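Below is one structure, written out as structure tokens, with a few remarks after it.
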Amino acid sequence: MSSSSAGTTNQQAQPGTAKWRFPSAFTVLFVVTLVVWLLAFIIPTGAYQVDEDGRPIPGSYESTGTEFGLWDRFMELFLAPVNGLYGVQNAESGVIGPYETGELFGAAGVFLFVLAIGIFITMAMQTGAIQAGVARIAKRYSHRGAVVVALLMVVFSIAGTTEGMAEETLGFYALVVPLMLSLGYDRMVAAATILVGATIGVLASTVNPFATGVASDAAEVSIGDGIVFRLIMYLLLVPVGVWYVLRYARKVKADPATSKTTPAPGDAEIARTGIGEVEPLTGKHKTVLAIVALTFVFMIFSLVPWAQIIEGTDADSYPWQLDWYFPELAALFLAMSVVVGLIGGLGEQGITDSLVKGAGEFIGVGLIIVLARGVTVIMNNAEITDTVLNSMESLVSDTSSWVFGPLMFLVNIPLAFLVPSTSGHAALAIPILAPLGDFAGVSRAMVITAYQSASGLVNLITPTSAVVMGGIALAKVRYDQWLRFVAPLLGILFVGCLVLIGIGSAIS
């Protein structure tokens, strides 16, 4: 899930005319940082008493009346990105700074983890194993259209729910578009197979490091918390997406006049030739694919709080239970990146080049996380975080849990438009929203589920996303055509998420 932008769109600006574009996530976060810093001048300072777990005690908020000098406030703004990366929180005063003594508050652990998983994914892609695997599935079932669409959507959804596959999908359009045309479908089916499959996977993320991982870190809970419910959401929502795309595909195959997109020049020839010869799936490819799958399976195993799920939240961990977090996971993916590169035959030069390339492609995501964490540091050091929480406490303290969950989902929808980066959205919003769950009696894991559901839903259509705009550009589908196609599915997913999150909140 890199932060790169697609270089093509369906509609180019006319020469001599200025085309307005929504600001990038970096610009949005810069503006948010400045606004929060200015608001800190006028928002009263205050603090909650906390319990033994460090969580705010409802009704214990008190004004502190702390005053800060102008220079101190300026330095908070100046050092915000630095503190967002490796700021340390003083155990006694609660102040966060690069020279304090205490626990790490900055996002250095998450930052390195993002780079590590980026290196791992890039290394696997460089071996050609993932591309060859998808091509082999497509070729094997090339005469069974519905099976191909369903299989590919499930594959992309698994990649979405486990590793947040997004920009990486752009490399598959050259394969999927001719395949779908040869099966008698249109370009919309090709775009939907990739976009809907991967996005619903991200919407129902189970261990996606860029959504669930970053949000769990911000909420101070394990990534494994809530994984069972998120898996249930995944198993319920992915079939909905597959059904919706297959329903349209069958209609178009039976009557091409019902297509919601316009055929491109050469489509008839592409339909006749299909995907052509595909790269053979070698023994190295199969081994790499197995290692990639086993690495993610092991990651899930290492994260799940098995004893707490089976015996209750107060149970002690089993002797074999790992309870891993970001440091161990970063080390895991760095080590397995080297293993994949060696088995994939990349050689010393190929491995080091892929390592640098992977880190470079994912560093944008890491920087967004750091900038968003810097906003949290400003609020913490200015002592306004608890004041904001207190203003919301009265709104949610008497709210039933089954209402609170859907409310969090609705609140996150406009935030997802504002910050389309799932990791940036999580780092910015979850530090405020997660404690609200404590007041409403809803688990922080459910707040995370509400956030990532809203983010995933919006990222199916957001015009600021390279995944959406780049994908439909490669498929040669206009944005207005895509909106008309996906609008009913958005409505179905919206209602489904509201209901599921409401149920989950009521039983959490």
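FYI, it's all coordinate maths here, none of it is from the lab. Owing to the predicted nature of the structure, the values given are computational and were not obtained by experimental measurement. When we count neighbours, we look across all protein chains shown, and the Cβ atoms used for this are built from the backbone with ideal geometry, even at glycine.
If I require 24 Å or longer along the helix axis, counting alpha carbons, and a Kyte-Doolittle average no lower than -1.0, what helices from the chain are left? Use full DSSP H segments.
Working: long enough: 108-126 (27 Å, 2.22); 145-163 (27 Å, 1.93); 227-254 (40 Å, 1.19); 283-303 (30 Å, 1.59); 326-343 (25 Å, 2.16); 347-381 (48 Å, 0.82); 401-418 (27 Å, 1.74); 422-440 (25 Å, 1.05); 479-507 (40 Å, 1.63).
The qualifying helices are 108-126, 145-163, 227-254, 283-303, 326-343, 347-381, 401-418, 422-440, 479-507.
How big is the charge dipole of the chain about its Cα centre, in debye rounded to the nearest 20, if each Lys and Arg gets +1 on its Cβ and each Asp and Glu gets -1 on its Cβ? Please list the in-between numbers first.
Values: 24 positive and 36 negative charges, 636 e Å.
Once rounded to the nearest 20, the dipole reads 3060 debye.
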**Study point:** Rel. contact order, % - alpha carbon contacts under 8 angstrom, at least six apart, the chain
**Key:** 27 percent
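Could you tell me which of the pairs Lys139/Lys253; Lys260/Lys286; Lys253/Lys284; Lys286/Lys476; Lys139/Lys286; Lys284/Lys357 are separated by over 27 angstrom between their Cα atoms in the structure shown?
Working: Lys139/Lys253 19 Å; Lys260/Lys286 38 Å; Lys253/Lys284 37 Å; Lys286/Lys476 32 Å; Lys139/Lys286 16 Å; Lys284/Lys357 22 Å.
Beyond 27 Å between Cα atoms: Lys260/Lys286; Lys253/Lys284; Lys286/Lys476.
Would you mind ranking Val297, Val468, Val240 so that the residue whose beta carbon has the fewest other beta carbons within 10 Å leads the list?
Details: Val297 11, Val468 23, Val240 15.
Result, fewest neighbours first: Val297, Val240, Val468.
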Practice item. Report the full-extension gain for the segment Val50 to Lys251: residue separation times 0.36 nm, less the Cα-Cα distance, to one decimal in nm. Key: 66.5 nm
Exercise for review: Quick one: P(r) of the chain from all Cα-Cα pairs, 10 Å bins, percents rounded to integers, in order of increasing distance.
Suggested key: 4, 18, 28, 26, 15, 6, 2, 0
Revision key, fill the gap. Once Lys and Arg are counted +1 and Asp and Glu -1 for all other residues with Cβ under 12 Å from that of Arg484, the total becomes +1
Check your understanding: Tell me, in nm to one decimal, what length is gained between Val147 and Leu395 on full extension, where the rule is 0.36 nm per residue of separation less the Cα-Cα distance?
Key -> 84.4 nm
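Local charge sum around Pro209 (other residues, Cβ-Cβ under 11 Å, Lys/Arg +1, Asp/Glu -1)? Mind dumping the intermediate values first?
Working: positive: none; negative: Glu163, Asp217.
So the surrounding residues net to -2.
What ranking do 414-425, 488-499, 399-410 get when scored by the average of other Cβ atoms within 10 Å per residue, highest first? Don't skip to the answer; put the middle values down first.
Working: 414-425: 23.4, 488-499: 16.0, 399-410: 20.1.
Top of the packing list down: 414-425, 399-410, 488-499.
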Review point. For segment 25-106, what is the Kirkwood estimate of the hydrodynamic radius, computed as the reciprocal of the mean inverse distance between distinct Cα atoms, to one decimal in Å?
Key: 14.4 Å
Point to revise | Pairwise label distance in nanometres, Ala91 with Ile503, each label 7 Å out on the Cα-Cβ vector | key: 4.5 nm
Practice item. Taking the Cβ of each residue in Val396, Val467, Val447, Val35 as the centre, tally the other Cβ atoms inside 10 Å and list the residues starting with the fewest. Key: Val35, Val396, Val467, Val447
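Apply 1/(1 + (r/R0)^6) to the Cβ-Cβ distance of Asp323 and Thr352, taking R0 = 45 Å, and write down the FRET efficiency to the nearest 0.05.
0.85
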Review point. So, counting K/R as plus one and D/E as minus one, what does the shell of residues with Cβ under 15 Å around Tyr86 add up to?
Key: -2
**Study point:** Additional length obtainable on full extension of the chain from Glu269 to Ile432, 0.36 nm per residue less Cα span
**Key:** 53.2 nm
Check your understanding: Could you state the number of Å between the C-alpha centres of segment 452-508 and segment 234-301?
Key -> 18 Å
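Under a point-charge model restricted to the Cβ atoms of Lys and Arg (+1) and Asp and Glu (-1), what is the dipole moment magnitude of segment 25-106 relative to its Cα centre, in debye to the nearest 20?
Working: 2 positive and 10 negative charges, 79 e Å.
Computed charge dipole of segment 25-106: roughly 380 debye.
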Review point. Based solely on its DSSP helices, what 222 nm [θ] is calculated for the chain when runs of n ≥ 4 H residues each add -39,500 (n - 2.57) and the sum is averaged over all residues, nearest 500 deg cm²/dmol?
Key: -21500 deg cm²/dmol
Review point. For the charge dipole of the chain, defined by +1 on Lys and Arg C-beta atoms and -1 on Asp and Glu C-beta atoms about the Cα centroid, which residue among Leu34, Phe298, Tyr234 has the Cα displaced farthest towards the positive pole?
Key: Tyr234
